[in-house]
1. Return the pairs, sorted by first residue and then second, in which the second residue is of a type in the set (Phe, Trp, Tyr), the first residue lies in the stretch 119-140 and is free of Cβ contacts under 8 Å to residues at least 60 places away in the same chain, the beta carbons are less than 6 Å apart, and the residues are 6+ apart or on different chains.
2. For the stretch 42-146, give me every one of the strands (runs of 3 or more DSSP E) that falls completely inside it and has 3 or more residues that are surrounded by 15 or more Cβ atoms within 10 Å (Cβ to Cβ) and of a type in the set (S, T, N, Q).
3. Mind checking which residues of the stretch 298-320 are in contact (Cβ under 8 Å) with a residue 24 or more places away in the chain and over 17 Å from HIS129 (Cβ atoms)?
4. Suppose the filter is in the same structural domain as ILE100 (by TED's automatic domain parsing), out of contact with any strand residue (DSSP E or B) (no Cβ under 6 Å at 6 or more places or on another chain) and closer than 20 Å to CYS86 by Cβ; does VAL160 pass it?
5. Exactly one of these conditions fails for ALA262: (1) at pLDDT below 95; (2) more than 30 Å from ALA44 (Cβ to Cβ); (3) not hydroxyl-bearing (Ser, Thr, Tyr). Give me its number.
6. Of all residues in the stretch 239-267, how many are within 10 Å of LEU221 (Cα to Cα) and surrounded by fewer than 18 Cβ atoms within 10 Å (Cβ to Cβ)?
7. Does the stretch 190-202 hold any residues that are part of a loop (DSSP other than H, G, I, E, B) and out of contact with any strand residue (DSSP E or B) (no Cβ under 7 Å at 6 or more places or on another chain), and which are they?
Amino acid sequence: MPRLRSMLGTLPAYVPGRTVPGAIKLASNETPYPPLPHVLDRIADAARGVNRYPDNHASALTDALAAKFGVAAGQIAVGCGSVSLCTQLVQAVADADDEIVYAWRSFEAYPIIAAVSGASSVQVPLRDHVQDLDAMVASINAKTRLIIVCNPNNPTGTVVRRDELVAFLRRVPEDVVVALDEAYREFVTDPDVPDGLGLLDAHPNLVVLRTFSKAYGLAGLRVGYAVAGDPAVAAALRQTQVPFAVSTIAQEAALASLEPEAETQLMARVADVVAERGRVYRALVEMGYEVPPSEANFVWLPLGGATAEWAAACEQRGVIVRAFAGQGARVTIGSVDENDRFLAAARALA
């Protein structure tokens, strides 16, 4: 029998949102909109060349992102979604027995990424559904190599604001890397939630992770990017990437999505999602649910021990939500009709 790593026996499994025929899926934080028509055209054109390997360095996309954000191309690493870049970052900074600090509950891939690398997870409990940055700083020791701050946080949708984030960054030692996971940045409307890219100059140990999966509607193509304060961190991400990880189709779709006219249309779609987020939030609160304010494209219902039963009852009504047993349910903001179906289910279960 092949000998496998013993840690696989205790490795938590990533649980994707379920798809059930005939039901609406509000479990994976996907946008309800397909890619824009001209993006689909670029995807079709790029597909004609899939007999060739993609540009391993995603040069055109890297240059476009550098121009968009006013940073050097050497500060950017393009990857197979932001979760892959997070994996590469852990591989780049942490040896076995080093420590990775993050809030909990947060993105469920974090403990998997840490465990596979051999690093230890230090999970810092949320405080009132929000990441406790003071407690995260207090957990730093000589073994700490990376701190991940998910802002907005998945699955709660809650945020840390400018003053507390800046104060936190000032307290983190310079040799500890901070990853600001901004997968849902485009949905943020609170002006007091900082754009992480604006903090890079003052904090070279900071790296911002973003994705084309959510607001840009390219979840199935797997493309994201990192922008690092120190180009050495971006170079390390490129070193740890699997060769040819980002397909030509994904690169072309991302480039097409960055064109000014496309971004205008995409941000209009984001505004529609944000408006629906507000409507869903207000309706749930009126029904008597506890729902923390969200700055992402989902809402969080901290249902505790009732979570699994409530989610199963939603499924019986044709609505699939993401249940975290014993803690809460995360519900993606979908189309108006999808949200109406969810609210009808929630009202019946209130």
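1. GLN123/TRP104; LEU133/PHE168
2. Values: elements: 76-79, 99-104, 120-125.
Strands (runs of 3 or more DSSP E) meeting the threshold: 120-125.
3. The first filter runs over the stretch 298-320 and keeps only residues in contact (Cβ under 8 Å) with a residue 24 or more places away in the chain, leaving 298-304, 310, 313-315, 317-320.
Scanning the stretch 298-320 gives TRP310, ALA313, CYS314, GLU315, ARG317, GLY318, VAL319, ILE320.
4. Details: in the same structural domain as ILE100 (by TED's automatic domain parsing): yes; out of contact with any strand residue (DSSP E or B) (no Cβ under 6 Å at 6 or more places or on another chain): yes; closer than 20 Å to CYS86 by Cβ: yes.
Yes, satisfied.
5. For ALA262, the failing item is (2).
6. Adding up the residues that qualify gives 0.
7. Of all residues in the stretch 190-202, those part of a loop (DSSP other than H, G, I, E, B) come to 190-195, 200-202.
Within the stretch 190-202, ASP190, PRO191, ASP192, VAL193, PRO194, ASP195, ASP201, ALA202 meet the criteria.
Conditions (1) buried (at least 21 other Cβ atoms within 10 Å of the Cβ); (2) touching a strand residue (DSSP E or B) at 6+ places or on another chain (Cβ under 7 Å); (3) of a type outside the set (Ser, Thr, Tyr), marked per residue:
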{"residue": "VAL227", "(1), (2), (3)": "yes, yes, yes"}
{"residue": "ALA271", "(1), (2), (3)": "no, no, yes"}
{"residue": "GLY278", "(1), (2), (3)": "no, no, yes"}
{"residue": "ALA308", "(1), (2), (3)": "no, yes, yes"}
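The values are calculated or read from the model by the stated rules, or taken from the named source; none is laboratory data. Only a predicted model underlies this, so the values are computations on that prediction, with no experimental measurement involved. Heads up, the Cβs are rebuilt from the backbone with ideal geometry, glycines too, and the neighbour counts pull from every protein chain shown.
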